[in-house]
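Some notes on the structure that comes next.
None of the figures in this text is laboratory data; all of them are computed from the coordinates on show. Note that the coordinates shown come from a computational prediction; the quantities given were computed from them, not determined experimentally. Here the Cβ is made from the backbone with ideal geometry for all residues, glycine too, and neighbour counts use every protein chain on show.
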Amino acid sequence: MPPAGEGGRRRPGWLRTTAFRVTLLHLALTLLGTAALSGVAWWATIGFAARQLAADVEQEAGVLQRAARLGGAPSVAVSVEARMAADPTGTGYYLLAAPDGGRLAGNLAQAPRAAGWSTLRLQGGPQPETEVLAFGTRLPDGAFLVVARGLAPVRDLEARLLGAAGWVGGAALLLGLLGGIAMGRGVARRAAAMEAALAAVEAGDIGRRLPARAGGDEFDRLAGRINATLDRLQDLMAAVRQVTDDIAHDLRTPLSRLRQRLEAAASGRETDARRAVGDAIKECDRILGVFEALLRIAQVEGGGARASFKRFDLSGVVEAVAEVYGPAAEERRQTLETRVAPGVAAWGDRELVTQMLANLVENAVRHGREGGRVEVALEGAPGGGAVVTVADDGAGIPAAERGRVFRRFHRLDAARSSLGTGLGLALAKAVADLHEMAIELSDNAPGLRVAVSVPPPPRQDGPPR
């Protein structure tokens with residue numbers, strides 16, 4: 001359940017926002033930094049003043065101790081009286097006591113009897129209470145000397161520092177709060193803009209994109225990544241719509257023929273019925289072949305075949321494919337020329353690469369000029385890769401269509417009357433992308449030249465790094 005406050009009431013929504021947390025964090029860090037700096041300033045300033053006051057007391061006590069060594073207690077008494085008379089501020093305090101405790105000189109009514117440092121609070125006088133820093137020492141003749149200084153300057157400095165710290169702390173609190181609010185509002189605005197854009201996408205506006213600035217912060221980088229994902233999603237949805245339309249368009253004709261032949265079989269003679277059923281079975285096989293090709297493309301694009309990648313002999317694959325389509329070329333009185341460099345290896349799924357090359361060679365034989373020439377070549381490429389070339393001297397593909405022929409069911413007008421599903425080049429492109437190969441279509445003058453750039457295999461038996 002959502003957290004609740006007193007009386008079971010839910011906390012306001014803004015308390016759970018990142019903007020509120022950012023404001024609190026900024027305020028806390030500002031106050032912590034201000035407190036740390038104030039503490040350092042306090043220690044440096046008050047500590048210095050206290051040490052300076054102690055040094056003055058110790059220095060004056062040393063002077064009186066030297067006077068005691070030269071002239072004894074009477075000389076110290078004279079020096080004490082002279083110092084009190086010369087002190088216009090009245091912050092100097094002294095006491096010279098005889099060995100039996102009797103006062104010999106000084107203005108301290110009470111004083112410590114133990115040597116060393118101490119802090120005294122004096123009662124009476126012009127002020128209700130006076131705090132002094134005292135230093136007591138025993139003289140050579142047994143007398144006891146106390147030298148003290150009033151701590152009023154130090155306490156006044158402390159008060160001033162406390163007042164300044166209050167003002168600085170208040171200003172830091174205000175600035176931290178304002179800065180936190182500004183930062184929080186900025187985060188909230190950007191989050192709201194991203195949320196609104198994603199809500200629009202969810203509502204069906206698939207072309208909507210998140211606002212992002214070039215070279216910005218992590219929000220902009222995140223927005224760029226989400227926009228790239230949305231672009232990919234839009235492309236996939238467009239591809240799905242295109243495939244759906246193409247399936248409906250390309251299967252309407254064979255399904256209509258299938259229905260006609262089944263109707264003919266139902267109403268015709270036995271011999272005609274058998275022929276119609278045979279034709280219907282052929283149409284069913286063609287339709288099943290379409291769906292099998294679509295399933296094959298989906299499996300390849302899923303990338304699961306990468307787990308079976310290994311090194312294989314590409315030269316042997318090209319030679320085997322050319323040998324298989326030799327008879328088909330002879331039927332069309334074509335010359336099938338092969339130039340295969342020996343010992344060329346590749347990395348990937350041998351079966352899929354064979355299917356890709358078979359589709360390319362089949363297209364060249366089918367759409368090449370009857371009585372013409374088909375060329376299949378494998379050559380090494382700089383850097384250890386290879387290039388497989390399949391060329392024919394047929395009608396070719398117009399330059400404007402070369403970017404579309406890899407789409408599912410896309411067929412040129414001249415090829416729609418021939419057998420085929422329009423999925424051969426789509427499968428070839430999917431296999432090439434899976435193996436990080438590049439397929440380039442160019443003019444063979446006349447005809448079409450297809451070049452497949454094959455990356456070099458890894459040096460060890462493992463996936464390329």
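Maximal additional length on extending the residue 32-residue 118 stretch stands at 27.5 nm, based on 0.36 nm per residue less the C-alpha distance.
Please give me the summed charge of the neighbours of residue 152: other residues whose Cβ is under 15 Å from its Cβ, Lys and Arg +1, Asp and Glu -1. Charge balance near residue 152 sits at -2. Once both labels are positioned 7 Å from their Cα atoms along Cα-to-Cβ, the gap between residue 182 and residue 75 label points is 6.9 nm.
Here residue 234 and residue 319 are evaluated by their C-beta separation; at R0 = 35 Å the FRET efficiency comes out at 0.25. Counting Lys and Arg as +1 and Asp and Glu as -1 over every other residue whose Cβ lies under 13 Å from the Cβ of residue 196, the net charge comes to +1.
Go ahead and run the numbers for FRET between residue 41 and residue 141, Cβ-Cβ distance against an R0 of 45 Å, rounding to 0.05. Don't jump to the answer; show the numbers that get you there.
On the way: r = 46 Å, r/R0 = 1.03.
Calculated value: 0.45.
The local environment of residue 326, defined by Cβ-Cβ distances under 14 Å, has a net charge of -4 under the rule Lys, Arg +1 and Asp, Glu -1.
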